[in-house]
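Student: What follows is a structure written as structure tokens; I'll ask about it next.
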Amino acid sequence: MGSSNSTLSKIPNLGRLIEETGFTPAHIKRLYKRFQALDKGNKGYLSPQDFGSVKELATNPIGDRIIGAFFSQGQETVDFHSFVRILAHFRPLDKNRAKRPDSPEPINSRISKLRFAFQLYDQDNDGKISRDELLQVLRTMLEMQVTEEQLESIADRTIQEADLDGDNAISFDEFRKVNADTFLRIPSPVTPSQITVWLIVL
Amino acid sequence: MSCWTRRGLLLALALGLALLVPMALSLGAAEKTRRSVGNGHGTGVTLRPDDSHGDGHGVNKTKKIFPVLTFDFAHVKIPFEISLWVLLASLMKLGFHLIPRLSSIVPESCLLIVVGLLVGGLMKLVGAAPPELQSDVFFLYLLPPIILDAGYFLPIRPFSENLGTILMFAVVGTLWNSFFIGGLLYAVCQIEGTDLKSIGLLPCFLFGSVISAVDPVAVLAVFEEIHINELLHILVFGESLLNDAVTVVLYHLFEEYSGLGMVTFLDVFLGVICFLVVSLGGVLVGAFYGLLAAFTSRFASHTRVIEPLFVFVYSYMSYLSAEVFHLSGIMALIACGAVMRPYVEANISHKSHTTTKYFLKMWSSVSETLIFIFLGVSTVAGLHSWNWTFVTVTIILCLVARVLGVMGLTFVINKFRIVKLTNKDQFIIAYGGLRGAIAFSLGYLLHPEEFPMRNMFLTTIITVVFFTVFVQGMTIRPLVDLLAVKKKQETKRSINEEIHTQFLDHLLTGIEDICGHYGHHHWKDKLNRFNKKYVKKCLIAGERSKEPQLIAFYHKMEMKQAIELVESGGGVKLPSAVPSTVSMQNIQPKKSNSERALPQISKSREEEIRKILRSNLQKTRQRLRSYNRHTLVGEPDEDGWNDLLLKRQKIMDMDKQISRMSNYLTVPAPPPESPTLSRSRLASDPQHYVPKPTLGNVPIIKVDLASPQSPEYVSVVDEFQKEAVPLKEEDEDAGGLTMKVPLGDPKKEEQEQQDGGKEQQRLMRCLSDPGPGGAEEEDEPFLP
């Protein structure tokens with residue numbers, strides 16, 4: 001256990017990180033190891049090229065969007081804190097969280113999860129998913145197997161279903177209402193159960 | 001008052017039928033006795049001349065009057081009886097729903113058992129022996145349709161998400177139940193004072209394993225009526241399906257060794273191996289047949305009529321093949337249905353899909369009804385030996401074991417679950433553990449020589465089944481309401497959810513990859529890729545294999561909506577997904593316009609329209625010539641949906657232009673005649689066989705007449721020659737609702753569109769369940 005302690009001691013501001021994200025020290029240790037593995041050259045931060053080394057992301061239709069989500073506005077690097085903070089979105093919900101009205105919304109709450117997903121759709125960050133943005137998402141997900149007209153029909157239909165205030169775009173509230181349950185049932189990708197094996201890609 | 005007399009009539013008919021059954025049976029019995037006595041002198045009973053009578057017969061028969069009317073019941077006895085039973089079951093089902101209050105309090109299964117008891121009692125009164133539920137009949141004929149129905153329509157996503165939980169409940173839960181009940185029963189039997197000493201340990205365990213399995217038939221019957229939320233439903237139902245493997249293994253294990261009286265560790269070890277073989281083997285057999293069925297359906301595009309048959313036969317074969325090797329037939333059926341479904345649905349036509357669905361539902365419904373009725377009849381028929389101690393202890397132990405098992409397992413399972421199971425959930429899961437006919441049939445299979453206490457077992461099993469079905473079945477609905485358990489959401493899956501679910505799948509897979517964590521999503525993604533790359537190419541015909549799931553879903557939705565729209569009066573009502581505020585505003589002014597404009601149509605235009613309509617019908621007439629029983633109407637080419645969408649776009653553009661015109665006139669089209677009427681009219685009016693002049697710039701697609709079509713559905717072909725109008729109805733774009741084609745113009749195109757639309761309506765009706773003929777379509781099919 002000595003090595004784990006030394007690993008943990010390398011991480012600055014560990015206590016604050018734990019409190020903000022809700023990960024246990026063991027999880028943070030694993031994530032740090034992963035961070036180090038991704039960080040070629042031991043720079044102490046990640047750049048987009050480091051993410052590119054994960055092979056499966058290349059075949060993922062929204063891979064570049066996911067990578068982009070790690071880098072906040074204008075930044076080129078991701079340090080460990082931000083890395084963990086983004087991943088904290090995908091922790092399972094804490095059911096028994098006491099609702100304190102003054103505390104900030106925890107990162108893994110339902111709303112935050114939805115907001116994160118919303119931001120992936122909304123690339124220009126104007127608070128709405130416009131028809132074009134939706135078309136883009138559909139295009140990447142359907143991987144060029146359909147005609148433009150089909151895409152447009154689907155996009156129109158989608159907006160029409162969700163759009164309540166008639167502005168031909170989906171705002172966050174509309175998005176939330178229409179997708180209320182889809183987020184809940186998913187097994188968390190971040191906290192493995194005791195039986196799953198960590199495989200660190202070198 | 002009339003509805004009461006109708007109900008009364010129906011009930012009287014049902015009761016009459018119920019009386020008929022025992023009478024028929026007794027007649028059959030009497031017939032047998034008469035024949036053996038040897039009544040050979042043709043007083044109404046025709047005999048075959050090879051009666052064991054000596055030489056009064058044969059060549060030199062005494063001349064008897066030629067029998068004008070004979071009565072030969074033995075000839076058709078068996079099919080007749082079977083049909084009578086099925087008819088009785090169906091009439092009972094009908095009858096219950098006519099009495100609304102009764103069906104809301106008492107679940108159907110209880111009523112059916114009561115009916116069975118009554119019929120059995122009647123039969124005993126009449127003197128005929130009421131039939132017992134033979135295990136063969138049950139396992140080979142009555143059970144498979146229900147399981148196939150369940151497996152084919154199994155919701156895969158919730159099932160696979162909760163698979164771990166379901167397996168825990170099914171395997172560990174059933175094992176716990178069996179041993180707990182068996183062991184404690186043995187202990188009770190050994191207590192002084194009861195005369196049950198003779199029951200050994202192994203028979204007790206055997207009994208425990210038989211009685212502890214949750215029954216899928218009973219669960220389905222009860223849970224379907226209470227509309228509980230999806231999670232609980234799939235948990236209990238999945239458990240009832242998957243515990244079959246455990247039950248099979250335990251049953252065989254204990255049955256084999258009951259005679260010997262002891263089981264060694266080797267046997268237990270072999271039993272575990274056997275369990276793995278039974279369950280995995282069953283799944284593999286089912287998957288194999290499922291893939292075969294998918295592969296066969298790929299080539300079925302030319303013989304659409306027998307497509308549903310493949311689904312049924314392959315599934316049944318998988319069940320039988322699994323039963324040959326004593327593998328779990330239920331799991332084979334489930335695997336077969338679940339594996340074949342996505343591929344078969346992509347291959348078969350819409351009508352075949354509807355047929356499959358309805359046949360499955362019909363068969364499973366009839367099977368279920370018959371099972372419950374027979375349970376009732378068997379109760380009356382069987383020999384019983386009642387033992388107060390045994391029965392009461394069993395019932396108590398069943399309840400206790402179930403509750404303890406569920407609570408213990410949930411405690412362990414909740415550590416691994418994202419969405420934890422609450423206490424309410426646990427209660428419903430425990431309470432929903434109903435026993436049913438499978439337990440009875442398994443008990444029936446016991447040999448009386450090896451198990452002298454078989455009758456007592458049977459009596460107890462029946463009592464437990466009655467208890468769970470009646471008491472638990474009747475009280476679960478008020479309990480669900482009392483505890484405010486979440487009910488099933490009736491909302492249909494919207495395209496938003498579909499897109500978002502797929503998006504989420506990709507997102508979570510990506511996150512897993514970033515974390516280097518090979519979890520749930522990673523493997524699911526890999527499976528999907530494998531599926532898309534290799535499997536789909538093999539099993540799905542033609543271009544469908546490349547169609548992404550989202551598009552298929554979208555098409556299905558559009559089609560469903562189009563059908564709904566047309567059925568609901570052709571556009572007067574809007575599809576529910578359309579936000580009402582936006583659309584209603586656009587509609588109202590247009591509608592009022594049209595009403596005012598109605599009388600202004602000129603005579604000449606009306607005549608033109610009629611001519612066009614007639615000549616279209618003439619086109620249908622041409623196709624009536626060669627009707628071939630073996631081919632259905634040429635379906636609209638389902639790969640032609642792309643063209644359809646293209647055309648829709650064009651119509652939309654055209655509509656936008658039209659909407660800018662101020663004067664809207666609707667053409668009150670002559671009420672579209674049903675094809676039969678039109679046929680008769682055309683037949684009597686030969687001069688209408690005028691070839692229609694081609695109209696302006698309407699793109700006409702030549703449709704190959706090679707596939708002969710049945711008269712009813714001819715309009716399908718026509719539909720594709722014209723612009724498909726009503727399909728556009730549900731595709732309300734943000735660009736304002738130009739609902740229906742207002743035929744304000746002398747342009748022939750609109751007229752074309754309108755009658756194209758009418759044909760479209762007929763098309764849609766054909767695609768949906770064939771309702772009454774098209775004669776009742778309104779005069780104003782479209783919203784102007």
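Student: Of all the C-alpha pairs in the range B:323-455, what % are more than 21 Å from each other?
Tutor: The calculated P(r) of the range B:323-455 puts 67 percent of pairs beyond 21 Å.
Student: Going from most exposed to least, what order do B:GLU239, B:GLU225, B:GLU256, B:GLU564 have by accessible area with a 1.4 Å probe?
Tutor: Result, largest first: B:GLU256, B:GLU564, B:GLU225, B:GLU239.
Student: Note down the net charge around B:HIS447, summing +1 for each Lys or Arg and -1 for each Asp or Glu among other residues with Cβ under 13 Å from its Cβ.
Tutor: So the environment of B:HIS447 carries a net charge of -3.
Student: While we're on this one: Could you pull the accessible area for A:ARG34 with a 1.4 Å probe, rounded to 10 Å²?
Tutor: 0
Student: Then there is this: With every protein chain kept in place and ligands, DNA and RNA left out, what is the accessible area per residue of the range B:135-483? Probe 1.4 Å, answer in Å².
Tutor: 39
Student: A further question follows. A 24 angstrom limit on the alpha carbon distance is what I want to check against. Which of B:LYS357/B:LYS524; A:LYS113/B:LYS420; B:LYS124/B:LYS361; B:LYS415/B:LYS488; B:LYS420/B:LYS524; B:LYS415/B:LYS526 exceed it?
Tutor: B:LYS357/B:LYS524; B:LYS124/B:LYS361; B:LYS415/B:LYS488; B:LYS415/B:LYS526
Student: Kirkwood hydrodynamic radius, the range B:394-458, all distinct C-alpha pairs: what's the number in Å? Walk me through the numbers on the way to the answer.
Tutor: Values: mean 1/r = 0.0708 Å⁻¹.
Kirkwood hydrodynamic radius for the range B:394-458: 14.1 Å.
Student: Only Cα pairs under 8 Å and at least 6 apart count here; give the relative contact order of the range B:377-467 as a rounded whole percent.
Tutor: Computed over the range B:377-467, the figure is 44 percent.
Student: Then there's this: Give the distance, in whole Å, between the Cα centre of the range B:204-265 and the Cα centre of the range B:285-347.
Tutor: Taking the Cα centre of the range B:285-347 as reference, the centre of the range B:204-265 is 25 Å away.
Student: Still on this structure, I have one more. Averaged over A:154-166, how many beta carbons belonging to a partner chain fall within 10 Å of each residue's beta carbon?
Tutor: The mean count of partner-chain Cβ atoms within 10 Å per residue comes to 6.
Student: Let me have the relative contact order for the range B:135-483, percent, based on Cα pairs under 8 Å that are six or more residues apart.
Tutor: Relative CO of the range B:135-483 lands at 26 percent.
Student: Assigning unit charges at the beta carbon (Lys, Arg +1; Asp, Glu -1) and nothing else, what dipole magnitude in debye, to the nearest 20, does the range B:252-350 show about its Cα centre?
Tutor: Values: 3 positive and 6 negative charges, 96 e Å.
That gives a dipole near 460 debye.
Student: Moving on to the next point. When only the heavy atoms of the protein chains count and the probe is 1.4 Å, how do B:MET474, B:MET557 rank by accessible area, highest first?
Tutor: So the residues, ranked largest to smallest area, are B:MET474, B:MET557.
Student: Oh, and also: Around A:PHE35, under 15 Å between beta carbons, what's the net of Lys plus Arg minus Asp minus Glu among the other residues? Before the final figure, lay out the partial values.
Tutor: Details: positive: A:LYS10, A:LYS29, A:ARG30, A:LYS33, A:ARG34, A:LYS40, A:LYS43, A:ARG85; negative: A:ASP39, A:ASP50, A:ASP79, B:ASP513.
Taking every other residue near A:PHE35 into account, the sum is +4.
Student: Using alpha carbon coordinates only, what is the Rg to Rh ratio of the range B:135-483, with Rh defined as the Kirkwood radius?
Tutor: Result for the range B:135-483 is an Rg/Rh of 0.98.
Student: How do A:161-171, A:12-22 rank on mean C-beta neighbours within 10 Å, highest first?
Tutor: Details: A:161-171: 18.0, A:12-22: 14.2.
Ranking the peptides A:161-171, A:12-22 by packing returns A:161-171, A:12-22.
Student: Another one. Quick one: how many Å² of A:ASP39 are accessible to a 1.4 Å probe, rounded to 10?
Tutor: Ignoring ligands and nucleic acids, A:ASP39 comes out at about 10 Å².
Student: Using the Karplus curve 6.51 cos²θ - 1.76 cosθ + 1.60 with θ = phi - 60°, what ³J(HN,Hα) values do you get for each residue of the range B:140-147, in whole Hz, with x for Gly and Pro?
Tutor: 8, 10, 8, 7, x, x, 5, 5
The values are calculated or read from the model by the stated rules, or taken from the named source; none is laboratory data. These figures come from a predicted structure and were not determined experimentally. All Cβ positions, glycine included, derive from the backbone under ideal geometry; neighbour counts span all protein chains shown. With ligands, DNA and RNA removed, areas are computed over all heavy atoms of the protein, side chains included. Shrake-Rupley method; radii C 1.70, N 1.55, O 1.52, S 1.80 Å.
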